[in-house]
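> First, the structure itself, so that you have it in front of you.
The values are calculated or read from the model by the stated rules, or taken from the named source; none is laboratory data. Here the structure is a predicted model, which means the values were calculated and not measured. A quick note on method: Cβ atoms are made from the backbone with ideal geometry, for glycine too, and the neighbour counts reach across all protein chains shown. These area figures cover heavy atoms from the full protein model, side chains too; ligands, DNA and RNA do not enter into them. Shrake-Rupley method; radii C 1.70, N 1.55, O 1.52, S 1.80 Å.
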Amino acid sequence: MNVIKQLQVKFVYSMILIEMIVFALILFSLNFAITKRESNEAREFLYFLANNNGHRPRPKSPEEEAAAKMLAKRELAADIDATSSASREHPEDFLRNLTKFFRIERPIESNLRNYFSVKVLTDGTIVEVINDFPLNYTKEEITSLVKEILDNNKISDSVGGVMYFIRDLGRTHRLICMLNRNSELKTLGKLYIYTAMLYIFSIIISILISIPIAKFMVEPAREALVKQKQFIADAGHELKTPIAVISANIDVLENEIKGNKWLEYIKTENQRMGDLVKDLLYLAKNDAGRNEMTFNDFDFSNAIENSVLPFEVVAFEAGKTLEFDIQKEIICNGDEKSLKQVFIILVDNALKNSEDGAKITVKAFTDGQKIFYKVRNTGQGIPKDELEKIFLRFYRSDSSRARATGGYGLGLAIARAIAEDHNGTLTAESEVGEWAEFTLAIPKKR
């Protein structure tokens, strides 16, 4: 079921990532468009002040107000039509039209009370303060603000939340038009906060929705995998009986027909079939979480010696060298029987996949709260693109050599499964043409 969980997690991650990117783009674009529009409107208003000697627009007559309202209604209808058509014909204009309905509107009077203009000489001396409404600034504050603006050496910019625009009035005078945007900026700040909260809330909702959707999406794969594992387990159990019967009959025939090479071939292949079925059953049980392991404290160093020392004879007969570098009295909490199986698999793998004269080194040591078991052999090594593939079931880097040595490609898969059952890892490193090394790392305590 580990594969199904990984698939489900990947589905959830993928959906959340897509939603995060889409939401971020939408909200960021909307905030950017609103901020840009408000800034442009403020700048246009300053230009208007500069062209009208620092004064606000003249009050409109009732007839002009009525005409303006009528024109506004027509513009609103046109904006709605433009927005709907832009989404179909000109997608790049859609966001621009859409922001018209999300403007930070202010009443006309409050919109005009936060501005004033100052006439200054070229040396910065204030000549006149132009204001259409009572100011909330003292003379000292205006003087300080003007000085800061002039020191900024920019025609148009913002200082302390006040946007300004400077217009030259001949050679001796300049007009500084200022618009206090602090209230507007606070509103925009609240908009950003609300947008961020909406974004986080949307992601949380998306996560809660994505989990059951991911479960629903992987359910067919889960059912298929369960059926496959059940089939392997059932087939393995069914094969065990005929293999046992064949083995028993071979033993009987050996007593009656001695030295028959054909009978020896049958016996060898029957044993290989039995080993294969045993390995398949182990993996099937492990996938189903039915492998029973007994975790106890045991001498890790002693277990390695008992498992690996018998291979010295095999290595000697094959013209290879087997060396040991095992730290004494390493105490491990785990299933001793299954870990011994890992020790044997890795050493057997090194012997089978190395050339004559190769050197196999077995090391065991502790580092912090972890125990390491390493098996290195000199030889051809393993290509980098196969360092993970070799742990796949039935995968063999060199199929011809594996068949010659009797391998099925299940040993490393079983060893990694045992390592994961101990909350550990089994990895491979290699330098092609030089060496290959397998490393088992497990915690001292489960």
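> Can you name the condition, by its number, that K258 falls short on among (1) outside any helix (DSSP H, G or I); (2) touching a residue at least 24 places away in the same chain (Cβ under 8 Å)?
(2) is the only condition that K258 fails.
> Separate question: Within region 337-349, identify whether any single residue is under 33 Å from the mean Cα position of the chain (by Cα), among the small types (G, A, S) and outside any loop (DSSP other than H, G, I, E, B), and answer yes or no.
No; the residues of region 337-349 include none that is under 33 Å from the mean Cα position of the chain (by Cα), among the small types (G, A, S) and outside any loop (DSSP other than H, G, I, E, B).
> For I243, only one of the following conditions fails: (1) open to solvent by less than 60 Å² (accessible area, probe 1.4 Å); (2) modelled with pLDDT under 80. What is its number?
(2)
> Please give the helices (runs of 4 or more DSSP H) falling wholly within region 89-208 in which 2 or more residues are open to solvent by less than 60 Å² (accessible area, probe 1.4 Å) and at pLDDT 90 or above.
Result: 139-152.
> For region 285-298, state whether one or more residues are surrounded by fewer than 20 Cβ atoms within 10 Å (Cβ to Cβ), assigned to a strand (DSSP E or B) and among the acidic types (D, E).
Checked against the condition, which is being surrounded by fewer than 20 Cβ atoms within 10 Å (Cβ to Cβ), assigned to a strand (DSSP E or B) and among the acidic types (D, E), region 285-298 yields at least one hit.
Table: residues versus (1) among the small types (G, A, S); (2) closer than 19 Å to D421 by Cβ.
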| position | (1), (2) |
| --- | --- |
| M293 | no, yes |
| D297 | no, yes |
| S307 | yes, yes |
| A318 | yes, no |
| E329 | no, no |
| K337 | no, yes |
| V342 | no, yes |
| L346 | no, yes |
| N353 | no, no |
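> Any residue in region 376-394 that's within 13 Å of N349 (Cβ to Cβ): show its pairings with residues that are open to solvent by less than 30 Å² (accessible area, probe 1.4 Å) and assigned to a helix (DSSP H, G or I) at Cβ separation under 7 Å, as long as the two are six or more apart or on different chains.
As it stands, the answer is N377/A350; I382/I390; I390/L412; F391/L412; F391/A413, since those pairs meet every condition given.
> Which condition from (1) over 21 Å from G334 (Cα atoms); (2) surrounded by 15 or more Cβ atoms within 10 Å (Cβ to Cβ) is the one that D279 breaks?
Going through the list (1) over 21 Å from G334 (Cα atoms); (2) surrounded by 15 or more Cβ atoms within 10 Å (Cβ to Cβ), D279 breaks only (1).
> Now, a different point. Among the candidates V313, V347, single out the residue that is aliphatic (A, V, I, L, M) and surrounded by 12 or more Cβ atoms within 10 Å (Cβ to Cβ).
Details: V313 fails: surrounded by 12 or more Cβ atoms within 10 Å (Cβ to Cβ).
Of V313, V347, the one residue that is aliphatic (A, V, I, L, M) and surrounded by 12 or more Cβ atoms within 10 Å (Cβ to Cβ) is V347.
> Within region 316-330, is even one residue open to solvent by 60 Å² or more (accessible area, probe 1.4 Å), within 30 Å of F231 (Cα to Cα) and out of contact with any strand residue (DSSP E or B) (no Cβ under 6 Å at 6 or more places or on another chain)?
No: region 316-330 contains no residue that is open to solvent by 60 Å² or more (accessible area, probe 1.4 Å), within 30 Å of F231 (Cα to Cα) and out of contact with any strand residue (DSSP E or B) (no Cβ under 6 Å at 6 or more places or on another chain).
> Of the residues V313, V308, V342, which is more than 18 Å from W435 (Cβ to Cβ) and without any contact (Cβ under 8 Å) to a residue 24 or more places away in the chain? Explain how you work it out, then say what you get.
Numbers: V308 fails: without any contact (Cβ under 8 Å) to a residue 24 or more places away in the chain; V342 fails: without any contact (Cβ under 8 Å) to a residue 24 or more places away in the chain.
Within the list V313, V308, V342, the selection yields V313.
> With the checklist (1) in contact with a Leu (Cβ under 9 Å, 6 or more places away or on another chain); (2) modelled with pLDDT under 80; (3) farther than 30 Å from Q8 by Cα in hand, flag the one item A233 doesn't pass.
For A233, the failing item is (3).
> Being surrounded by 23 or more Cβ atoms within 10 Å (Cβ to Cβ) and aliphatic (A, V, I, L, M) is the filter; apply it to region 365-387 and report the residue that is nearest to H422 (Cα to Cα).
First, pick out the residues of region 365-387 that are surrounded by 23 or more Cβ atoms within 10 Å (Cβ to Cβ): 371, 373, 375, 377.
Those still in the list that are aliphatic (A, V, I, L, M) too: 371, 375.
Numbers: I371: 11, V375: 19 Å.
So, considering only residues that are surrounded by 23 or more Cβ atoms within 10 Å (Cβ to Cβ) and aliphatic (A, V, I, L, M), the one nearest to H422 (Cα to Cα) is I371.
> Also, quick follow-up: Which one is farthest from the chain's Cα centre (by Cα), of the residues in region 218-227 that are under 13 Å from Q6 (Cα atoms) and surrounded by 14 or more Cβ atoms within 10 Å (Cβ to Cβ)?
R222
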